Structure formats: C-alpha cells, structure tokens
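Enquirer: I am attaching a structure below and will ask some questions about it afterwards.
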Amino acid sequence: MKANLILADDHQVVRQGICDIISRTADLQVVAQAVDGAEAESLARTVMADLLVLDIALPQRRGIQILESLRADGISLPVLFFSMYPASQYVDYVKRAGAQGFVCKDADEAELLRAIRRIIAGGKSFPGNLSAVSNTMAGEDAFKALSRRELEVMQGLISGASILDIASVLGVSNQSVTTYRRRLLEKLGVVSNAELIALAILHGYR
C-alpha cells in the first residue's frame, strides 16, 4: 500500500517537480495539492493522508500558522517543511511548533525522499548541527541586537512601506534608511525583504 501525501506549495513548477519524483516511487503517491495556505489547511483536515509536505511562505495563511492551528486542534498529521528559506533560520522554530522535518528546496531528490520515508515510518528528519547557528542568526538575541532605529526601519519594511515612505516618517534621508536596512539584514542573517518579513513574523513581529 502506498503512503498518501498532501503537497502544499504556491509554485506550480515546485509541485510538478515533487509529483514527478513521487511518481517514480513504488511506495508513495500525492493524493492532494494546495496552492495557498487556506487550501492546505482544509486538505490537512479533510483528506486521509500520511504526510503534509508544506512550504513556509504560502499566500493567505503561512505554513507555520497552519501547523500551529492543526496541533492546537489535536491533529497529528506529520508535517515536513520544504522551503527556500535557510534551515538555520527555521529548524528550531518548526520543531517547537510540532513539525517532523525540514528540507531545503536546494536538496537533491534522494534527500527529499529519505526525509519523507523517515517521517512516514514514524521518525523525524531535520538537518543536523544547526541549533547553535539558528540561535545566533535567528533567535531572539539577534532581534535584541537591533538598535531602536533599525527596529523602526524593520517595522516599516514589514508593513510594506517603501524606503522613501520610511525615511519620511522617521525624518531621515533615504540613504540612512538604506544603511539601517543593510545593517539589520546582516544582523539577522537574511538577504532580502521577503526573508526578513518571514523571519520577523515567526518571532512575533507584525
């Protein structure tokens, strides 16, 4: 009997790639696909499956929110996060939230299949030796290291404000805001606004 997988990712090329990999196996099958977080949670609650392969950054409802909601309602469906975001930033957090595994999207086919099978067999699959890195790069201490002005710039970026708008609100130059942005990205170990927003939301910043 094949194990049933639900696949949740907003990129069609990613879903198709995973489906192609799974289709070549004798013990796994994708039984449902979701393109956003709302659909992913609905499928997780209604479809009989052995594993939910879940992206962190989904429209409408983020992967972490889905996991927390499922666990809060006593739903124990195993969850494997398959994400473009660095494992060093998220592994500790998704472990605490109740996930069974984390695989980066730059992993090869064999690594993804090992993780899937290990979790279905009742185990867990997380990259090793990342706790110390995660605590340094993405833990609360990293946010505490931000200056008041860097926090203000971060909040502006999270809200979707432009560099020009943030500069106007704070009464500083555009160049100053750009400098603060660069510094806070370096301190948090992220390289883009998208990664900054995802990480900040995970740590309770809205």
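Enquirer: Looking at the stretch 95-104 only, could you name the residues that are charged (D, E, K, R) and either in contact with a Cys (Cβ under 6 Å, 6 or more places away or on another chain) or surrounded by 15 or more Cβ atoms within 10 Å (Cβ to Cβ) (or both)? Steps first, please.
Expert: Here is the first cut: in the stretch 95-104, the ones charged (D, E, K, R) are 95-96.
Passing the criteria: only LYS95.
Enquirer: Looking at the stretch 153-177, which of the residues that are open to solvent by 60 Å² or more (accessible area, probe 1.4 Å) and in a helix (DSSP H, G or I) is nearest to LEU199 (Cα to Cα)?
Expert: GLN155
Enquirer: Still on this model: Mind listing just one residue for me: the one in the stretch 57-92 that is within 11 Å of the chain's Cα centre (by Cα) and in a loop (DSSP other than H, G, I, E, B) and, of those, modelled with the highest pLDDT?
Expert: LEU58
Enquirer: I'd like to verify a number: residues in the stretch 1-28 that are without any contact (Cβ under 8 Å) to a residue 12 or more places away in the chain and among the charged types (D, E, K, R), how many?
Expert: The qualifying residues number 2.
Enquirer: Let me ask something else. Output the residue which, of all residues in the stretch 38-56 that are crowded, with 22+ Cβ neighbours inside 10 Å and modelled with pLDDT of 95 or more, is nearest to the chain's Cα centre (by Cα).
Expert: Taking the candidates together, the pick is LEU54.
Enquirer: Checking GLN89 against (1) open to solvent by 10 Å² or more (accessible area, probe 1.4 Å); (2) touching a Ser or Thr at 6+ places or on another chain (Cβ under 7 Å); (3) in contact (Cβ under 8 Å) with a residue 60 or more places away in the chain, which single condition isn't satisfied?
Expert: (1) is the only condition that GLN89 fails.
Enquirer: Oh, and also: Taking the stretch 57-69 as the search range and keeping residues that are surrounded by fewer than 22 Cβ atoms within 10 Å (Cβ to Cβ) and not basic (Lys, Arg), which one is nearest to GLU195 (Cα to Cα)? Full working, then the answer.
Expert: Of the stretch 57-69, the ones surrounded by fewer than 22 Cβ atoms within 10 Å (Cβ to Cβ) are 57, 59-62, 65, 68-69.
Okay, now just the ones that are also not basic (Lys, Arg), so 57, 59-60, 65, 68-69.
On the way: ALA57: 10, PRO59: 15, GLN60: 17, GLN65: 17, GLU68: 20, SER69: 22 Å.
For the stretch 57-69, the residue satisfying everything is ALA57.
Enquirer: Got a number for residues in the stretch 178-197 being in contact with a helix residue (DSSP H, G or I) (Cβ under 8 Å, 6 or more places away or on another chain), under 17 Å from MET84 (Cβ atoms), of a type in the set (A, V, I, L, M, F, W, C) and open to solvent by less than 70 Å² (accessible area, probe 1.4 Å)?
Expert: Selection size over the stretch 178-197: 5.
The values are calculated or read from the model by the stated rules, or taken from the named source; none is laboratory data. Predicted, not measured: the structure shown is a model, and the values here were computed from it. Methodologically, a virtual Cβ is constructed for each residue, glycine included, from the backbone with ideal geometry; neighbour enumeration extends over all protein chains shown. The accessibility values were calculated without ligands, DNA or RNA, using every heavy atom of the protein model including side chains. Shrake-Rupley method; radii C 1.70, N 1.55, O 1.52, S 1.80 Å.
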